[in-house]
Amino acid sequence: MAMQTLTIDSQVHAYERDRPERPWRNFLTGPAEVAGDDMVAAMDAVGVDGALLVSPFTLYRYDASYALEVYAKYPGRFGLIKPFDPRSEAVAEEIAEWARTPGVVGARLMLVSRSYTADDPGLNRIFAAGAQAGIPVNVLGWGQLALVQDLARRHPNTQVVIDHVGLTQPFAPPPPPDPFADLPAVLSLAACNNVAIKISGACTLSHQPFPYLDIWEPLGQIFKAFGFERCLWGTDWTRAVSLLTYEQGVEAFRVTDQLSPTERAALMGGSLTKIYRWSPDKGGQRG
């Protein structure tokens with residue numbers, strides 16, 4: 001009997017209600033709370049076996065305490081990723097400590113400032129620390145993909161993962177008029193063998209209803225450039241909540257005739273297990 005292919009979401013978020021003990025730092029589009037229980041229930045309802053749980057930067061900045069609580073309750077379902085501050089002098093030590101934490105699979109860099117250059121000490125510390133710790137560095141870098149490419153070339157031993165197709169994605173409808181305008185810059189990243197890309201939140205770029213037929217031509221260019229071994233499906237739930245349901249974000253990739261069974265298996269979980277060295281059937285541990 002063939003082994004069942006796991007379905008793994010490359011990016012989800014969970015958070016609790018704003019409260020003094022763990023205050024929100026900003027407002028996030030979505031429900032007032034998406035507890036770990038809620039996220040697991042949503043995954044169970046559509047047959048998603050596991051997910052990478054990314055501590056939401058907008059709400060908690062560099063504090064991953066809630067994600068750690070969720071992991072403690074569901075260690076077999078989630079791998080953990082949290083953002084790091086490139087302005088911290090101790091960021092290399094912080095990433096090393098994070099990588100030793102049970103359940104951790106990656107670090108995240110938010111390129112929210114436009115003032116960075118490729119020789120920025122903090123950015124280079126993060127990339128070097130990711131390689132040293134043996135965990136991927138996930139980068140939110142829309143509009144700054146040339147900078148990301150420079151950093152990836154400077155750190156060829158660092159596994160870099162581009163968040164959200166490398167493109168600006170909406171928090172509410174409508175999507176941008178030309179959501180794939182920066183596609184050439186995305187495709188150029190494929191020249192770096194150490195760069196993979198999350199096909200996460202892609203459905204929010206569509207101008208059409210489910211099953212979002214207009215996204216498949218540009219996604220096909222990405223699949224061809226990177227190969228399915230470097231492409232990781234994900235929903236970016238719950239950022240996408242105003243644009244589609246969780247079920248739609250999953251099913252769009254199951255019902256399409258643009259993917260062969262082998263390609264779908266790689267995109268929706270197989271490649272992730274290799275890049276992050278994590279699988280939800282391992283009790284949440286890397287190895």
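Relative contact order of segment 199-248: 51 percent, from C-alpha pairs under 8 Å at least 6 residues apart in sequence. Placing pseudo-labels 7 Å out from each Cα toward the beta carbon at Asp257 and Asp85 gives an inter-label distance of 5.3 nm.
The dipole here belongs to the chain: it is taken about the Cα centre, uses +1 on the Cβ of Lys and Arg and -1 on the Cβ of Asp and Glu, and is about 580 debye. Only one item in (i) 0.98; (ii) 0.93; (iii) 1.02 matches Rg/Rh (Cα atoms, Kirkwood Rh) derived from the coordinates shown, and that item is (ii). The trypsin sites (Lys or Arg not before Pro) of segment 99-208 that meet both conditions, a loop assignment by DSSP and at most 13 other Cβ atoms within 10 Å of the site Cβ, are Arg100, Arg114.
Short-range pairs are left out: with C-alpha atoms under 8 Å and at least six residues apart, the relative contact order of segment 84-282 is 17 percent.
Amide H contacts of Gln11 (H built 1.01 Å from N, in plane; Pro and chain starts excluded): Leu52, Thr235, Asp236 sit under 5 Å, all sequence-distant by 5 or more or on other chains. Per-residue ellipticity at 222 nm computed for the chain from its helices equals -9000 deg cm²/dmol, with DSSP H segments shorter than 4 residues left out and the rest contributing -39,500 (n - 2.57). Working note: Karplus 6.51/-1.76/1.60 with θ = phi - 60° gives segment 204-218 the couplings 6, 8, 7, 9, 10, x, 3, x, 6, 4, 6, 8, 6, 5, x Hz, where Gly and Pro are set to x.
Bear in mind these aren't lab numbers, they're just calculated from the coordinates by the rules spelled out. The model shown is predicted, which means the values in this text are computed figures rather than measured ones. In this analysis, Cβ positions are derived from the backbone assuming ideal geometry, glycine residues included, and neighbour counts consider all displayed protein chains.
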